[in-house]
1. Just the number please: accessible area per residue for the chain, 1.4 Å probe, all protein chains included, in Å².
2. Suppose we look only past 23 Å in the calculated P(r) of the chain. What percent of the Cα-Cα pairs does that tail hold?
3. Just subtract the alpha-carbon distance of Lys8 and Ile49 from 0.36 nm times their residue separation and send over the number in nm, one decimal.
4. Which loop-located GluC sites (Glu not before Pro) does the chain contain, where loop means any DSSP state but H, G, I, E or B and the Cβ has at most 14 other Cβ atoms within 10 Å?
5. In the chain, carbon and sulfur make up what percent of the accessible area (probe 1.4 Å)?
6. Sequence neighbours fewer than 8 away in the same chain don't count; with that in mind, list the lysines whose C-alpha is under 16 Å from Lys71.
7. Rounded to the nearest 10 Å², what accessible area does Lys80 have for a 1.4 Å probe in the complete protein model?
8. For every helix of n ≥ 4 consecutive DSSP H residues, a contribution of -39,500 (n - 2.57) applies; sum these over the chain, divide by its total residues, and give [θ] at 222 nm rounded to the nearest 500 deg cm²/dmol.
Amino acid sequence: EMTALQRKRHCGQLQRTPKWADQKAIRAIYRQCAAMRRETGIRYEVDHIIPLQGAMVSGLHVASNLQILTKTENLKKNNKWPV
């Protein structure tokens, strides 16, 4: 079952996903991330390059705004957009 924070994040993704988004490409990135975890034992996560709810700018939930980072890298990045 989803926690309140997970539910909020999921709703945010849905709101920031435009109708033209390539859902197949998005799913492929998440599958690639899961495969990398299985193959290496390293915890990888899918990150939004431009955060969905950033302080200065908000990105979209589209394939071109996704990257795979280790959990450690993603925690360091937090909700920031490196300029």
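The values are calculated or read from the model by the stated rules, or taken from the named source; none is laboratory data. Only a predicted model underlies this, so the values are computations on that prediction, with no experimental measurement involved. Neighbour counts are summed over all protein chains in view; Cβ atoms, including those assigned to glycine, are modelled from backbone coordinates with ideal geometry. The area values use the complete protein model at the heavy-atom level, side chains included, leaving out ligands, DNA and RNA. Shrake-Rupley method; radii C 1.70, N 1.55, O 1.52, S 1.80 Å.
1. Details: 6210 Å² over 83 residues.
Per-residue accessible area for the chain comes out at 75 Å².
2. Values: 720 of 3403 pairs.
I get 21 percent for the Cα pairs in the chain exceeding 23 Å.
3. Values: separation 41, 0.36 × 41 = 14.76 nm, distance 1.89 nm.
So the extension gain works out to 12.9 nm.
4. Values: sites: Glu1, Glu39, Glu45, Glu73; in loops: Glu1.
Hits after loop and neighbour filter: Glu1.
5. Numbers: 3490 of 6210 Å².
Carbon with sulfur: 56 percent of the solvent-accessible area.
6. Partners within reach: Lys80.
7. The accessible area of Lys80 comes to roughly 120 Å².
8. Details: 3 runs with 37 residues, N = 83.
Taking each H run of at least 4 residues, the total per residue is -14000 deg cm²/dmol.
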